[in-house]
1. Looking at the stretch A:244-256, which of the residues that are touching a His at 6+ places or on another chain (Cβ under 7 Å) and surrounded by fewer than 19 Cβ atoms within 10 Å (Cβ to Cβ) is farthest from residue A:137 (Cα to Cα)?
2. Output the residues belonging to the stretch A:214-243 that are surrounded by fewer than 19 Cβ atoms within 10 Å (Cβ to Cβ), closer than 18 Å to residue A:184 by Cβ and within 14 Å of chain B (Cβ to nearest Cβ).
3. Out of the residues in the stretch A:146-177 meeting the condition of being charged (D, E, K, R) and touching a residue at least 12 places away in the same chain (Cβ under 8 Å), tell me which one is nearest to the other protein chains (Cβ to nearest Cβ).
4. Write out, first by first residue and then by second, each pair whose Cβ atoms fall under 6 Å of each other, whose residues are 6+ apart or on separate chains, and whose first residue, in the stretch B:77-93, is away from chain A (no Cβ under 11 Å) while the second is polar (S, T, N, Q).
5. Regarding the stretch B:152-164, can at least one residue be identified that is surrounded by fewer than 15 Cβ atoms within 10 Å (Cβ to Cβ) and either basic (Lys, Arg) or not assigned by TED's automatic domain parsing to the domain that holds residue B:196 (or both)?
6. Taking only pairs six or more apart or across chains, which ones have beta-carbon atoms under 6 Å, a first residue in the stretch B:37-57 that is within 9 Å of another protein chain (Cβ to nearest Cβ), and a second residue that is among the acidic types (Asp, Glu)?
7. In the stretch B:83-103, which residue that is over 17 Å from residue A:76 (Cα atoms) and hydrophobic (A, V, I, L, M, F, W, C) is surrounded by the fewest Cβ atoms within 10 Å (Cβ to Cβ)?
Amino acid sequence: MTTFLTAGLSLKPQHFDAALECSAAGLWFEVHPENCMVEGGPRLAWLEAVRQRHPLSLHGVALSLAADARPDPAHLLRLSGLVRRLEPALVSEHLSWSSWRGAYHPDLLPFPRTTQALLRIADNISRTQDSLKRRIAIENPAHYLHIEGHEHEETAFLAELVRRTGCGLLLDVNNVHVSARNMGFAAQDYINAFPGDHVMEIHLAGHSQDPNLGEALLIDSHDAPVAPAVWTLYECLIRRIGPRPTLIERDDSLPSFDELMRERRHASTLLGAALAQAA
Amino acid sequence: MNIVAGSLANFQDAFAAALRLDAGSPPPAIAALARQPGFQVYRNTVARSCIDALQANYPTINRLVGDEWMRAAAAVYAGSTLPDRPMLLAYGADFADFLRHFEPAASLPYLPDVARLDRCWTEAHIAATEAGLNHGELGMLSGSRLDRLRLVPHASARWHWSGEQPAYTIWSRNRAAGTETGDIDWHGEGALLTRPQDHVTWRALDFAGCVFLDCCKNSGSVADAAQAALDADVNADLGRMITTLLEAGAFSRIEHYRQS
């Protein structure tokens with residue numbers, strides 16, 4: 001895939017027609033593969049139609065790479081089928097777990113970053129990449145809990161996964177902002193320590209405050225425009241590492257397609273500036 | 001708390017158990033973690049995702065009972081039945097059975113059968129894409145012995161007979177915001193849903209038609225299915241019934257029948 005990806009958008013069924021018609025340069029769309037794992041019918045047909053016009057990114061939420069178990073072979077098979085069918089420009093997953101002993105918990109669950117977890121996750125990423133016959137990007141999740149027993153900083157943990165498996169990384173800047181506020185660390189330090197050379201994709205999203213605790217607990221809710229503090233972190237990041245495919249991630253309280261395109265244009269402008277600076 | 005001394009698997013067992021608990025004590029290994037305010041974020045997200053999915057997958061039930069009742073019922077269901085796979089559009093396969101035994105639904109006896117029809121819609125919507133019968137195959141029906149042919153139901157075809165409730169009328173009037181009103185004749189009804197192209201279509205189907213399709217699905221010959229339909233209703237108009245099924249796109253192909 002040699003297409004040059006600039007800024008992209010999450011693709012929701014409500015926006016399929018607008019997405020099909022849009023011809024903005026460098027535009028790409030991201031979908032959760034779990035929503036397209038069907039045997040046939042309009043969902044796949046829509047996606048294939050969009051794929052005819054724009055590059056796609058498959059952003060998985062359910063491989064459960066951080067579970068102490070191998071990825072579900074049936075799920076991996078369905079994902080491989082989609083990758084073959086849609087030939088996405090990017091494939092990504094999260095540094096988290098969700099499926100466990102036959103039950104799917106629809107969330108991105110945390111774990112203690114031990115060496116034992118590192119070995120298991122590296123093995124799971126390698127199995128996934130072997131199965132998909134391609135490199136995948138691993139995303140830093142949002143954090144809400146102080147977990148005892150971490151043996152590695154997250155940035156070092158991700159760097160080690162890259163070293164062991166050859167995977168790439170997806171840096172979610174909003175998750176960094178949310179986690180930094182919730183856990184009490186400096187977001188800028190985390191961004192500076194992130195292994196920039198291996199970033200295949202960047203996510204930008206909005207967040208909200210916990211209804212009871214307010215600012216003391218931020219939630220990665222993807223239901224609002226990207227916050228100013230996240231834009232600032234993003235500018236610093238791409239000044240340091242150069243332009244990378246950047247997604248405006250929106251899952252809830254969906255605005256019009258035009259409004260999302262306005263946010264996307266802002267990211268494109270910043271990417272253009274970073275490109276000019278890098279040249 | 002000493003989770004790390006155990007394995008990652010121990011952590012995940014305890015975390016998953018604590019996620020499920022609406023009340024009561026989480027496992028000791030994770031009690032301190034579960035007391036942090038952030039733990040509720042995970043509990044809320046898991047519960048809300050399940051409830052949102054059920055609400056989306058059972059739109060007719062939601063329309064009949066309203067958001068509040070639907071979300072409360074969905075929360076009870078999700079409390080005991082997490083998704084068994086990550087495709088949430090297929091979550092809640094047995095929600096109709098749940099409603100049949102859900103005490104607050106006892107005064108709405110048609111609800112489980114209406115839920116079955118929502119489920120039929122979902123299954124038809126996500127089924128494999130298949131061509132329907134072609135003209136050549138249709139010709140076989142008039143030129144061959146029907147005990148040597150088998151009609152294979154289309155991958156998207158779903159049918160349901162509701163013995164005592166006018167579930168199809170209630171469902172079809174409420175699936176979309178229709179304007180059809182009027183008295184409902186209170187008797188059993190069946191329905192056939194198919195997706196010959198991109199869109200799921202539906203029509204009423206009598207008991208004999210449902211029995212005919214059951215027999216086809218269970219690998220009976222056309223003659224077996226016809227006999228079963230007549231056994232179900234001695235007055236069944238087989239010609240009209242098969243025409244209805246063919247027009248609906250209920251079959252994908254005709255096979256030569258091999259008795260097993």
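1. Among them, the one singled out is A:252.
2. Within the stretch A:214-243, A:214, A:215, A:216 meet the criteria.
3. Quick first cut of the stretch A:146-177, residues charged (D, E, K, R) only: A:148, A:151, A:153-154, A:160, A:163-164, A:172.
Subset that is touching a residue at least 12 places away in the same chain (Cβ under 8 Å): A:148, A:151, A:153-154, A:160, A:164, A:172.
Values: A:148: 6, A:151: 8, A:153: 16, A:154: 16, A:160: 16, A:164: 17, A:172: 16 Å.
If we take residues in the stretch A:146-177 being charged (D, E, K, R) and touching a residue at least 12 places away in the same chain (Cβ under 8 Å), then A:148 is nearest to the other protein chains (Cβ to nearest Cβ).
4. Going by the 6 Å Cβ cut-off, the qualifying pairs are B:92/B:57.
5. Going through the stretch B:152-164, the residues surrounded by fewer than 15 Cβ atoms within 10 Å (Cβ to Cβ) turn out to be B:163-164.
Within this subset, residues satisfying the condition of being either basic (Lys, Arg) or not assigned by TED's automatic domain parsing to the domain that holds residue B:196 (or both) are none.
For the stretch B:152-164, residues surrounded by fewer than 15 Cβ atoms within 10 Å (Cβ to Cβ) and either basic (Lys, Arg) or not assigned by TED's automatic domain parsing to the domain that holds residue B:196 (or both): absent.
6. B:42/A:107; B:45/A:107; B:46/A:107
7. Only one residue tops the list, namely B:93.
Results for (1) on the phi > 0 side of the Ramachandran plot; (2) in a strand (DSSP E or B); (3) free of Cβ contacts under 8 Å to residues at least 12 places away in the same chain, shown as yes or no for each residue.
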site: A:201; (1), (2), (3): no, yes, no
site: A:209; (1), (2), (3): no, yes, yes
site: A:212; (1), (2), (3): no, no, yes
site: A:215; (1), (2), (3): no, yes, no
site: A:222; (1), (2), (3): yes, no, no
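The values are calculated or read from the model by the stated rules, or taken from the named source; none is laboratory data. All values reported here derive from a predicted model rather than from experimental measurement. Please note: Cβ atoms are built from the backbone with ideal geometry, for glycine as well, and neighbour counts cover all protein chains shown.
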